[in-house]
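To start, the structure under review is shown below, and the notes come after it.
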Amino acid sequence: MIKASKQATLKLVVTLLCTAILVACGQGSSTLQPQSDVTNTTLVRTDTSGLSEAYAKLRKQQVAQVDYHLSVNLDSTGESFFGTVRADIKFTKNLQQPLTIDFAGGTVESVKVDSQETPFEYNGHFISIPALHLPDQQHSITVNYQHPYSNDGSGLHRFEDPKDGKVYMYTDFEPYDANRLFPHFDQPNLKARYTLDVTAPKNWIVISAERENRIEEKGELNHWFFPQTQKFSSYVFSLHAGPYHIWEDDAGGIPLRLMARQSLAEYVKTEDWFTFTKQSFEFFQPYFEIDYPFKKYDQILVPDFNAGAMENVGSVTFNDAYISRGEKTQAQRMRLANVIAHELAHQWFGDLVTMNWWDDLWLNESFATYMANLSLAENSEFTNAWENFYLGTKQWAYQSDQRPTTHAIQLPVKNTDEAFANFDGITYGKGGSVLKQLPYYLGKEEFRKGVSNYLKELSYQNSTLDDFMGHLGKASGMNLDTWQQQWLYQAGLNTIEASFQCKNDQVSDLTLKQSAPEEYPTLREQRTQLGFYRMDGESMKRFATLPVLYSGATTKVADAEGLPCPQILYPNEGDWAFAKVNLDTVTVQNMAQHINAIEQPFARLMLWQSLFDSTYDAKLPLDEYISFIINNGAAEQDINAIRLNARYLSFAYRYLNQISIDQKRRSELQLAIEDFVWKQLQQASSGSDQQKTWFGIFTSVAHSTEALNNAKQMLRGELAVNGLTLDPDMRWQLISLQNRYLFSDYEQAISRELEKDNSDRSKLNALAAEAIRPLPEIKEKWLDNLILDRKKFKLSELRRVTSSLFTSEQIELFNTNSNRIISALEQINNEGSSELISTYAYMFPLMCSEEGVQKISDTLDQKRQLKPMLVKALKNHRYTSERCIKIGQTLLKQQQG
């Protein structure tokens, strides 16, 4: 699974990569009252949602083998679907306690054991069958049931396309929603084989892990039959159905299909999809030394999806936001190639070999994150894949690891709720970054061989972290116990800094220093690379690189002695290490004078990042940072560096909306940002990625009458910007900007656009454009909808609204409503799904004041029953606000001094 990136990447500094739309999970957790012997003593599963690790372990001890035969009846108009499942079970021994079967939120019509009607209990979370009705070690249990279709993107989701009225369905299960499709044992270490048949409307296609082996016509319905699958976990089983448009291709004998809803089919760039997919197959099969383990590979683009994609066996789902209604930038194309590679990597690492329990979720996602980027770097057109990784995933990881909610990569996961809460920048970003540095530490071939052996020896089985590390250690001949303890079981981000002295223009001494935050004092060992630069004519050229294995507080680098004295020394050249970088004073001085003269784009990118880090750490005053970007950023031509600078200018603009400074100075700085961005937009090459990047930032920082009028004229076609073509989604950015400042005919702008385009995307954008208006009655209306009437809306609609409801300059409107918002937290916490909880948390804006910080602290103190996800979100908001306060204090001191 990969997290989705949102359009609103500019909402909070905490989302340095992209705000995530997470996948589904249960609302609570199962608990047990265990005695000393779990196999012989009665254990009571409490009447709550979700699944605990303790109960999953018990059930694993009960069940030796299970296969499922599933029949499902679908229609296009009903509110529920009907099904029958037969579970053929072999038990390890005679049961001593009831057997429970996971099934959330449905209706159970009957339960049979070996074809005989059997008494059962159902509490809305799971079915219980007394042990006395399961006397043997082998039984067939048949359940007839029905279940509502979902409208929150999890379980079996139903979507009706407003464009043409066609109905589509898809499933999304990770970590604990497969039991919303059919009753079964929904835990990753009870792998099973699945035999499926589905009745559906005649004009639909039905997709699952296998291709159908026959279709029988039944009047206006078709009955689809699928052969038995290989053995895999239920969270990667799938069922998708609807009148999807289909494209077909082939990857070295592997059948490929790509599917999308009819109303978006014209926008799908099939050449990119199939090219990126084939390149990934070409890389992974020889790398793993295992042929693709399943029989076909389908990729289905679906609406209302809560994540970026999901690695269902043989039928991967993708958020159809990956379909652009205009030309994609190279960054967008790379993001698409990356998610395709990520999900394909999971077919081996995750589907073929699967984690035993959710405590190893990080390894599942981190490995796919690393392998996707490696695949792009080694076998695609994207030669700057690692720069893009640094710009996105790595910064997400660094930010996550500096927050108070950071945690070790490897964590105990007591229940499925906690599994969901841990989908974050540590799970994906830090885990992937740590795996990236392992090949430098072990050797690239040794790492590859260890991975290959691991997959070969554990195919179709479950595994643990120790299994993975054991295979890496064996392949490299290294004991990784210390490395594992340092990197996987300890939280926190280390900082490295190079200290050097020169004599006669040569390095006489060089030491690499490592430090750690007080609360996470672990000093780690890893391999980094030093980059040495000097001016040569008009260029700052790298004249040497030096690999260094460092550990402890100081590491003397004897091999550097005698090298020419550098003007810039970067201690993580090429981004080998996972560490924050402090620059030495010589490097800082030369960077400030010569940043645009540095030849290596990757080095410039990292130095631009270091500049923002200094501001974010409240060392460099915000106005000096803004001035440096405005004076030097226009000369930067590398698209990743441009994206980075544009992103942080947007952050700076938002800080300025709230930090305590003189209003005249605030206005000067914000107008300077607006003017710079507008000039860059006008000067960028026609149709270039730079142009589209600056357009996106313009719609977030434009605020003056002149700028808003330019935006209105662009929307109406009265002002052209150097050949910039506005696709429908870009038009909505301009409409949202008008509504944000109540400019001109902002209401009519929405109506006119909906007349042109009544797609679901436009309707979502229209909701967001209304919600962003700085009007008390609008805020009250949408708070009523969120708190009192949310069942009238799909989760995708609520998510779009909450991410737009309170922008940084609307903090007073938030403060006016904050008591109501905070009071509703308990209701959302107790009644809402994890998806709704995360959606509600998007509403909290930057709160750059002591009063705002105190309000969050009081909420955390007074509402101690909040679920982990909500507590985490509030703590991160508080941290971001505290950072903003410090940035403001540094700016104020600089002005006063």
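Note on region 31-152: Rg/Rh from C-alpha atoms, Kirkwood Rh, equals 0.98.
Let a ≥ b ≥ c be the square roots of the eigenvalues of the Cα gyration tensor of region 814-897; is it rounded (a/c under 1.5), or, if not, prolate (a/b larger than b/c) or oblate?
Numbers: a/c = 2.66, a/b = 2.43, b/c = 1.10.
Prolate, since a/c reaches 1.5 and a/b exceeds b/c.
Which semi-axis lengths, in whole Å and largest first, follow from the square roots of five times the eigenvalues of the Cα gyration tensor of region 764-805? Walk me through the numbers before you get to the answer.
On the way: eigenvalues 44, 32, 9 Å².
Each semi-axis is √(5λ); the values are 15, 13, 7 Å.
Label-to-label distance, residue 378 versus residue 778, with points set 7 angstrom from Cα along the beta-carbon direction: 5.1 nm.
Basic side chains Lys and Arg get +1 at the Cβ, acidic Asp and Glu get -1 at the Cβ, and with that the dipole of the chain about its Cα centre reaches some 800 debye. The eigenvalues of the Cα gyration tensor, multiplied by 5 and square-rooted, give region 126-211 an equivalent ellipsoid with semi-axes of 30, 15, 13 Å from largest to smallest. Of 502, 884, the residue with the largest accessible area leads and the full order is 502, 884 (1.4 Å probe). A 1.4 Å probe, protein heavy atoms only, puts the accessible area of residue 575 near 0 Å².
Summing charges over all other residues whose Cβ lies under 13 Å from the Cβ of residue 458, with Lys and Arg as +1 and Asp and Glu as -1, gives -2. State the percentage of accessible surface on region 375-422 attributable to carbon and sulfur atoms; use a 1.4 Å probe and exclude ligands, DNA and RNA. Using a 1.4 Å probe with all protein chains present, region 375-422 comes out at 44 percent carbon and sulfur. Here's how it looks for residue 205: its modeled amide H is under 5 Å from those of 242, 244, which are all 5 or more places away or on a different chain. Treating only the Cα positions of the chain as identical point scatterers, give the base-10 log of I(q)/I(0) from the Debye formula at each q in 0.06, 0.07, 0.08 Å⁻¹. Values returned for q = 0.06, 0.07, 0.08 Å⁻¹ are -0.42, -0.57, -0.75.
Distant-in-sequence amide contacts of residue 355, defined by a placed amide H-H separation under 5 Å and a gap of 5 or more residues or a different chain, comprise 463. Shape index of region 811-852: Rg/Rh, with Rg the Cα radius of gyration and Rh the Kirkwood radius from the inverse mean 1/r over Cα pairs, equals 1.01. So what's the projected area for region 372-455, the Cα convex hull averaged over all directions, in nm²? The Cα convex hull of region 372-455, projected and averaged over all directions, gives 7.0 nm². What share of Cα pairs, in percent, lie more than 16 angstrom apart in region 457-522? Looking at region 457-522, the distances longer than 16 Å represent 67 percent of pairs. Karplus-based coupling profile of region 498-506, in residue order and whole Hz: 8, 10, 9, 10, 10, 9, 6, 6, 10, with θ = phi - 60° in 6.51 cos²θ - 1.76 cosθ + 1.60 and x standing for Gly or Pro.
Pull out a ≥ b ≥ c, the square roots of the eigenvalues of the alpha-carbon gyration tensor of region 427-481, then state rounded if a/c is under 1.5, prolate if not and a/b is larger than b/c, and oblate in the remaining case. Please report the intermediate quantities before stating the final value.
Numbers: a/c = 1.72, a/b = 1.17, b/c = 1.47.
The shape class here is oblate.
For region 732-809, the calculated P(r) over all alpha carbon pairs, in 10 Å bins from 0 to the bin holding the longest distance, is 19, 53, 27, 1 percent.
Residues whose amide H comes within less than 5 Å of that of residue 196, counting only those at least five positions distant or on another chain, are 70, 226 (H built at 1.01 Å from N in the peptide plane).
Suppose R0 equals 60 Å; then what is the FRET efficiency for residue 453 and residue 686 from their Cβ-Cβ distance, rounded to the nearest 0.05? Don't skip to the answer; put the middle values down first.
On the way: r = 52 Å, r/R0 = 0.86.
With a Förster radius of 60 Å, E is 0.70.
At q = 0.11 Å⁻¹ the log10 of I(q)/I(0) for region 524-652 amounts to -0.40, computed by Debye summation with a single uniform scatterer per C-alpha, solvent ignored. So what is log10(I(q)/I(0)) for region 503-552 at q = 0.13, 0.16, 0.23 1/Å, when the Debye sum runs over its Cα atoms only? The Cα Debye sum returns log10 ratios of -0.49, -0.67, -0.96. The simple spin-label model puts a point 7 Å past each Cα toward its Cβ; for residue 539 and residue 160 those points are separated by 6.3 nm.
Rounded to the nearest 0.05, the FRET efficiency derived from the C-beta distance between residue 756 and residue 245 at R0 = 25 Å is 0.65. The slack between residue 495 and residue 668, meaning 0.36 nm per residue of separation minus the straight C-alpha distance, is 58.8 nm.
Here the convex hull built on the C-alpha positions of region 108-167 has a volume of 119 cubic angstrom per residue. Evaluated with a Cβ-only charge set (Lys, Arg +1; Asp, Glu -1), region 517-632 carries a dipole of roughly 240 debye about its Cα centre, given to the nearest 20.
So how do 245, 240 rank on accessible area, 1.4 Å probe, biggest first, that is with the largest at the start? Please report the intermediate quantities before stating the final value.
Numbers: 245 65, 240 0 Å².
Descending accessible area places them as 245, 240.
Express the relative contact order of region 364-482 as a whole percentage, based on alpha carbon pairs under 8 Å and six or more residues apart in sequence.
Working: 97 pairs, mean separation 31.4, N = 119.
The normalised contact order for region 364-482 reaches 26 percent.
Across region 663-670, rounded Karplus estimates of 3J(HN,Hα) from the backbone phi angles (6.51 cos²θ - 1.76 cosθ + 1.60, θ = phi - 60°) give 4, 5, 5, 4, 4, 4, 5, 5 Hz, Gly and Pro being marked x.
What's the magnitude of the charge dipole for region 383-506 around its Cα centre, counting Lys and Arg as +1 and Asp and Glu as -1 at the beta-carbon? Answer in Debye, nearest 20. Can you show the working numbers first?
Working: 11 positive and 13 negative charges, 42 e Å.
Roughly 200 debye for region 383-506.
Distance between the C-alpha centres of region 468-527 and region 315-368: 30 Å, rounded to the whole angstrom.
Quote the convex hull volume per residue of region 651-780, based on C-alpha atoms, as a whole number of Å³. Intermediate results must be reported in sequence, preceding the final value.
Details: hull volume 15.4 nm³, N = 130.
Residue-normalised Cα hull volume stands at 118 Å³.
Let me have the relative contact order for the chain, percent, based on Cα pairs under 8 Å that are six or more residues apart. Computed over the chain, the figure is 10 percent. Across the options 743, 370, 782, the greatest Cα extent toward the positive end of the charge dipole of the chain (unit charges at beta carbon of Lys, Arg, Asp, Glu) belongs to 743.
Note on residue 116 and residue 586: with the Förster distance fixed at 56 Å, the Cβ-Cβ geometry gives a FRET efficiency of about 0.10. Diffusion coefficient of region 177-284 by Stokes-Einstein, Kirkwood radius over Cα pairs, 20 °C, 1.002 mPa s: 134 µm²/s.
Here residue 218 is the anchor, and the lysines within straight C-alpha reach of less than 23 Å, apart from those fewer than 8 places off in the same chain, are 166, 202.
Compute the accessible area per residue over the chain, keeping the other protein chains in place, probe 1.4 Å, unit Å². Please report the intermediate quantities before stating the final value.
On the way: 32070 Å² over 897 residues.
Roughly 36 Å² per residue, with all protein chains present.
Sort region 455-495 into rounded, prolate or oblate with this rule: let a ≥ b ≥ c be the square roots of the eigenvalues of the Cα gyration tensor; rounded if a/c is under 1.5, and if a/c is not under 1.5, prolate when a/b is larger than b/c, oblate otherwise. Because a/c hits 1.5 or more and a/b fails to exceed b/c, region 455-495 counts as oblate. Relative to the 2.2 N^0.38 Å rule of thumb, region 277-431 has a C-alpha radius of gyration ratio of 1.04. Of all aspartates and glutamates in the structure, the ones whose alpha carbon falls short of 19 Å from that of residue 664, not counting any fewer than 8 places away in one chain, are 623, 624, 674, 675, 706, 809. A straight chain from residue 518 to residue 549 at 0.36 nm per residue would run longer than the Cα-Cα distance by 8.8 nm.
Step through the table entries 231/295; 855/875; 781/867; 692/712; 763/791; 278/436, compare each Cα-Cα distance with 20 Å, and write down the pairs that go over it. Walk me through the numbers on the way to the answer.
Values: 231/295 13 Å; 855/875 11 Å; 781/867 27 Å; 692/712 17 Å; 763/791 18 Å; 278/436 23 Å.
Check vs 20 Å cut-off fails for 781/867; 278/436.
Couplings 3J(HN,Hα) for region 855-869, derived from phi with the Karplus relation 6.51 cos²θ - 1.76 cosθ + 1.60 (θ = phi - 60°), are 5, 5, 4, 4, 4, 5, 6, 8, 10, 7, 9, 5, 5, x, 5 Hz, where x marks Gly and Pro.
The values are calculated or read from the model by the stated rules, or taken from the named source; none is laboratory data. Keep in mind the model is a prediction, meaning the values are calculated, not measured. Positions of Cβ are generated from backbone atoms using ideal geometry, with glycine treated the same way; all protein chains shown enter the neighbour counts. SASA here: full protein model, heavy atoms, side chains in, ligands and nucleic acids out. Shrake-Rupley method; radii C 1.70, N 1.55, O 1.52, S 1.80 Å.
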